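The next block holds one structure in the form of structure tokens; read it before the comments.
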Amino acid sequence: MPSVTFIFHDYLREMLKKKHRSEYSLQYDSVRKASIKDVIESLGIPHPIIGKLTVNGREIDFNYILQHRDIVEASPLTAPANPFIPTTLRPETLDRISFVVDVNVGKLALFLRMLGFDTVYDIGFRHGKLADIAASEKRILLTRDTSLLKRKIVIHGYLLREQNPMGQLIEVIHLYDLGSMIKPLSRCIPCNGRLVPVDKETVLERLEPLTRKYYESFHLCEQCNRIYWPGSHQEQIVLFVRRVLKAVNQDALSGD
């Protein structure tokens, strides 16, 4: 019977099944040969939140078959996580930063769009659909559901630890170092379409009289055809972005 020692670092220990959380290292005895991914997930930890795995000091991937007396160390995904650089665990990189968001963190999707990040979200999407989108469109899957992240086809994903949407937003921006990529007012918040500048004359007939009189700059959503123009909501979004960046910088300085 293969017997393996596991050492989980940092917040990975919080993800373990309750009976194991107080142990610095734990012993795992198996009646069959199993991949390291399958065993770790059976202990409660979804594979996308693992940043590095070593066996007897040697870095390995998720397909490694555990051997008797192996000593496994698992470290979590930590900031700055760069999905553009191949790693042993994730040789398949992303071409761009984009997200698909589970319904259990739906408000986070709207915040991400507000900051200009391409974010797929639909209240009707089931787990299978979310996993398929993450895999086929090469998006980062964000959720608070461990079972969703355990799906094999999910390569890039993160289990959010914060409970409130603002905290979740800061968590994501800090983890993936997205501060320099923020482009507020570049996406339609309701539908995720890109906003493009448009001449006033082309939308004149759709404007209210006061909007025609006081505004000259307009944007149009490529997807749902909504019209946007400067107003008090822009000032609110700018203030929101400043709050987010300030909080992210404070997290970076504290080392969280």
Just need a number here: residues in region 134-155 that are surrounded by 20 or more Cβ atoms within 10 Å (Cβ to Cβ), assigned to a helix (DSSP H, G or I) and not small (Gly, Ala, Ser). 2
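Quick one: which residue in TYR11, TYR24 is among the hydroxyl-bearing types (Ser, Thr, Tyr), surrounded by fewer than 12 Cβ atoms within 10 Å (Cβ to Cβ) and either on the phi > 0 side of the Ramachandran plot or modelled with pLDDT under 95 (or both)?
TYR24
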Is region 150-169 home to any residue that is farther than 20 Å from LEU112 by Cα, outside the structural domain of ALA109 (by TED's automatic domain parsing) and touching a helix residue (DSSP H, G or I) at 6+ places or on another chain (Cβ under 7 Å)? no
Report those strands (runs of 3 or more DSSP E) wholly inside region 1-73 carrying at least 1 residues which are under 21 Å from the mean Cα position of the chain (by Cα). 50-55
Among the residues of region 92-106, is there at least one that is free of Cβ contacts under 8 Å to residues at least 60 places away in the same chain, in contact with a helix residue (DSSP H, G or I) (Cβ under 6 Å, 6 or more places away or on another chain) and of a type in the set (Val, Ile, Thr)? yes
Any residue that is within 21 Å of GLY157 (Cβ to Cβ), surrounded by 15 or more Cβ atoms within 10 Å (Cβ to Cβ) and charged (D, E, K, R) - is there at least one of those in region 77-92? yes
Return yes or no: is LEU204 more than 26 Å from GLU41 (Cα to Cα) and touching a Phe, Trp or Tyr at 6+ places or on another chain (Cβ under 8 Å)? no
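The values are calculated or read from the model by the stated rules, or taken from the named source; none is laboratory data. All of these numbers come straight from a predicted model, not from anything done at the bench. A quick note on method: Cβ atoms are made from the backbone with ideal geometry, for glycine too, and the neighbour counts reach across all protein chains shown.
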